[in-house]
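Right, one structure below, let's go through it.
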Amino acid sequence: MTTDSFAAGGAAAMARSKVDAATGPSGPKPKRISAGRIGIYAFLIIVAAFFCLPLYVMLVTSFKTMPEVREAHLFDLPHNFTIEPWIKAWTSACTGRDCTGLAPGFLNSVKIAVPSVIISIIVASLNGYALTFWRYKGAEFMFNLLVFGAFVPYQVLVYPIIIGLRELNLFATLPGIITVHTIFGMPILTLLYRNYYASIPVEIFKAARIDGAGFWQTYFRVMVPLSIPITTVAMILQVTGIWNDFLFGLVFAGRENIPMTLQLNNIVKTTFGTVEYNVNMAATILTALVPLTIYFVSGKWFVRGIAAGAVKG
Amino acid sequence: MQSSVSVKDLSLNFGSVNVLQNLTLDVGQGEFLVLLGPSGCGKSTLLNCIAGLLDISAGQIFISGKNVTWEEPKDRGIGMVFQSYALYPQMTVENNLSFGLKVARMPAEEIQRRVARASEILQIQPLLKRKPMELSGGQRQRVAIGRALVRDVDVFLFDEPLSNLDAKLRSDLRIEIKRLHQRLKNTMIYVTHDQIEAMTLADRIAIMKNGVIQQLDTPHTVYNHPVNLFVAGFIGSPTMNFLKGQINATGKASFAMENLTVPLTGYKFETGMGDKVEGILGLRPEHIAVGEDAKKMPFSIESEIEIVEPMGSDTVAWTKIAGQSVTFRCSSDIPLAPGQKVTIGFDPARGSVFDAASGLRA
C-alpha cells in the first residue's frame, strides 16, 4: 500500500468520526500516518526487494542467450527470449563426461524422497501415537532420547552410519539413503506428532477402548483420520528437507542414485571454456521448483498445522 | 438387592500417591448411584477403574456377578459417557454410534436395529448423517449417551456428563437422563461435583473425599443426617450453619454457647457423649424459622438482620446467634430489612451435632 492510500483512508476515517464540540469525539478513532509508520514500510519494501532481486536476476538470465549474458547487463530483460537454457539444463547439460542434464537427478530425487517421506511419516505418527496414548514403561525416557536426537549435529554421525550401513550391505544403495533420511527425520516428526496427539482429548482414546478398538484399530480408524492437518505439515517438512538435502545424498546415495541437488552442483561446477550462466540459472530454478511449489500450494496448511501441533502439548 | 457392580478393597497408587485406598462399594441392580465430591477426591478415578481404563493396584471388581478385575473395558459390559463427549470428530453421528459394534463384527442388520433404537430413544434420528462439529453441546452429549446405549450393556458409567453444558441445557438433560434411567432400568454410576445433579438423580449418593467414601446413603439421609462435618458442609446451598459450643449430653441434653444455652430436646445422639465436649451444632438455613413460625419452635431467640439476599423464590438473610454468624432461608413474602429485629427459631432435633475434635456426628 502506498502512503497516498493511507492518507486517503485516514481522511475518510476523519470524515466519519467528526469531532463535535458539544458531544466530544464519537465513532472510530481516526487513523493517522506517522513518519515512523512510513519508515517501517519503506524498510520492509527494501528488505523484500533485497531478497527478490537475486531471484529476478536468475529468472531473466535463464531466458537469455549466451551472447546476451556475456554483455553483463544483469538487470535487463532478455532481448532475444529463449527457453534453450532450460531445455539444455533438463536434458543435456554435462556433468563430467555424461551429458544427461538434470532429468536423471530429478528421477533419483523422486525415488529417494517419496519412500523416505512415506516411511518416516508412518513410523513417526505411530511413535507419537504410542508415546501419547499407550504410556508404556520407559515411554518418557524414549521420548526424551528422541528429542535429544533432534539436537545432535548430523555431521557427527556420518562416519558411524557409513560403517553401520556397510555392515548391513546398504551403503551406497537406494534403501540405504532412504533409511538414513527416515532415521534423521524421526526426532522432529515424532515431536510434531506427539504434541499433536497430546492436544486430542484423551477421552476419545478411552471411548475407543470402551468400544473395543485395540492398538491398531484405534490408530487406523480414529487417530489417522484426525491426523490430516499434522500429516500435511510433516509432509511439507520432509519433502522440503529431503529434496534440499545435499550431505546425505553425497555420502550415502552412491553413484547410481545421486539426487538432483548433487547433479545440479556437478553441472554448475563442470565448465568447458565459458561458464554457461543461463543454463546454471535454469538448472538451479528447476531444482528449487519442487519445494517452492509445495510451499506455495500448501502454505496455508503449513502455518495452520504448525500452530495446531506446536501450541498445545 | 442383587448387586450389579461390586468393588472390593480397591486400591490405586500412582507411584507413592494413594489415590484410592481399600475402597469397597456395592451398587444394586438398576440402581442410580452418584459419586459426589470436590475435584481431586478420586471419584473419576474410581469410575475409570470400574471401566477398566486404569489398572488398579489391589482389590477386585465384579460386574453383573463376573470378576472383571483383569478384563479389557470392552469385555466388562459397560458403556461410558465422558464430560468432553469424546465423539470421533471425523465420523458421522451414525458411525459414532456403530463404531463399537463394527469393531465387534456384529451383523449389519443388528447394528442397524440398535442404532435405530438408540436414536429413537434419544430423539437424534434427524442428526444421524451429521458430524459432531455440526451439533450443539446438548446434541453431542445425547449422541455420546447413544454410543453407550447401542452397546446394550448392564451398566452405564457417566463421568461428569453435564459439566460442559450451560445451566439451562444442564437441567434439561438432567431430566432426560432421569427419564432414560426410568425407562431402561439399567445400573448407572454417575460422577459429578454438582450437588443438585446428585440430589435430583441419585437413588444413593456416595460422597467422597481424599479417595475415601464418607457417606453412602439416599439423598434424603445424606442431606438430613450427614455423618460428619465434611458431608454436612459439602451438601446444601447455602451451606449449613455451624455454631461452635459445648455439648452436654448427660441428663437434659443441651448445647452451650457464650451467654446462650440451646436445649437439645429430642435430638438422638448416635454415640455416647459426656458433658462439656467441644462440639458443633449444624443447622440447615431452611430449618430456621422467622416471625410467628419461629415462636412455635422449641427454641427461639431475638436477633437482628444484617444482610438480606432476595433470591426470588425465597430470601436468604444473615443474622447472629450468640455472636456467631447464621444464615436462614424464608419465604420471599416475609418483609426483611437490614437492622430489623426479628424472632428466629428452630427445632434442635432437626439439627446435626458434631464432635469438634473428630468431626463425626454425635
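Mind running the shape call on the range B:224-273? Use the C-alpha gyration tensor, a ≥ b ≥ c as the square roots of the eigenvalues: rounded below 1.5 for a/c, prolate if a/b tops b/c, oblate otherwise. Present the calculation step by step, with values, prior to reporting the outcome.
Values: a/c = 2.45, a/b = 1.50, b/c = 1.64.
It is oblate, given that a/c is not under 1.5 and a/b is not larger than b/c.
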Sorted largest first, the C-alpha extents of the range A:48-120 along its principal axes in whole angstrom are 47, 37, 19
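For a quick check: sort B:GLU94, B:GLU197 by the number of other beta carbons within 10 angstrom, fewest at the front. All intermediate terms of the calculation are to be shown ahead of the outcome.
Working: B:GLU94 20, B:GLU197 24.
Ascending number of Cβ neighbours within 10 Å: B:GLU94, B:GLU197.
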Partner aspartates and glutamates whose C-alpha sits under 20 Å from that of B:LYS8, ignoring same-chain residues fewer than 8 away, are B:ASP26, B:GLU31, B:ASP55, B:GLU71, B:GLU72, B:ASP75, B:ASP154, B:ASP217
Note to self: C-alpha centroids of the range A:164-203 and the range B:147-172 sit apart, in Å, by 42 Å
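Explain nothing, just the number: relative contact order of chain A, from Cα pairs under 8 Å at least 6 residues apart, as a whole percent. Don't skip to the end; give the middle numbers.
Values: 334 pairs, mean separation 77.5, N = 313.
This gives 25 percent for chain A.
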Normalised per residue, the volume inside the convex hull of the alpha-carbon atoms of chain B in Å³ amounts to 169 Å³
Taking a straight Cα-to-Cα line shorter than 14 Å from B:LYS43, and setting aside same-chain aspartates and glutamates fewer than 8 residues away, one finds B:ASP159, B:GLU160, B:ASP194
By the Cα gyration tensor axes a ≥ b ≥ c (a/c under 1.5 gives rounded; else a/b larger than b/c gives prolate, otherwise oblate), the shape of the range B:68-179 is oblate
Per the C-alpha gyration tensor (a ≥ b ≥ c, the square roots of its eigenvalues), chain A is rounded if a/c is under 1.5, else prolate if a/b beats b/c, else oblate; here it's oblate
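In the structure displayed, which of A:LYS64/A:LYS269; B:LYS178/B:LYS320; B:LYS129/B:LYS168; A:LYS206/B:LYS209; B:LYS178/B:LYS209 lie more than 28 Å apart, Cα to Cα?
Details: A:LYS64/A:LYS269 20 Å; B:LYS178/B:LYS320 40 Å; B:LYS129/B:LYS168 26 Å; A:LYS206/B:LYS209 25 Å; B:LYS178/B:LYS209 26 Å.
Correct reply: B:LYS178/B:LYS320.
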Of the candidates B:PHE299, B:SER3, B:GLY77, the farthest towards the positive dipole end of the protein assembly as shown (Lys/Arg Cβ +1, Asp/Glu Cβ -1, centred on the Cα centre) is B:GLY77
Taking R0 as 56 Å and r as the Cβ-Cβ distance between A:LEU289 and A:LYS137, the FRET efficiency 1/(1 + (r/R0)^6), rounded to the nearest 0.05, comes to 0.75
Applied in sequence order to the range B:128-143, the curve 6.51 cos²θ - 1.76 cosθ + 1.60 (Karplus, θ = phi - 60°) yields integer Hz couplings, x standing for Gly and Pro, of 4, 8, 8, 9, x, 4, 8, 10, 7, x, x, 5, 4, 5, 5, 5
Ranked on Cβ counts within 10 Å of their own Cβ, fewest leading, A:ILE230, B:ILE213, A:ILE285 go A:ILE285, B:ILE213, A:ILE230
Computed ³J(HN,Hα) along the range B:149-166: with the Karplus parameters 6.51/-1.76/1.60, θ = phi - 60°, integer Hz and x for glycine or proline, the list is 5, 5, 6, 6, 10, 7, 10, 9, 10, 10, 10, 6, x, 9, 5, 8, 9, 7
Within chain A, the cysteines whose Cβ lies no closer than 4.7 Å to any other cysteine Cβ are A:CYS52
Exposure-ranked with fewest Cβ neighbours within 10 Å first, A:GLU140, B:GLU160 stand as A:GLU140, B:GLU160
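Give the calculated FRET efficiency between B:GLU270 and B:GLU120 to the nearest 0.05, with a Förster radius of 56 Å applied to their Cβ-Cβ distance.
Values: r = 49 Å, r/R0 = 0.88.
So the FRET efficiency works out to roughly 0.70.
Read the figures in this text as sums done on the coordinates, not as results from a lab. For clarity, every value in this text was computed on a predicted model and none was experimentally measured. Cβ: placed from backbone, ideal geometry, glycine included. Neighbour counts: every protein chain shown.
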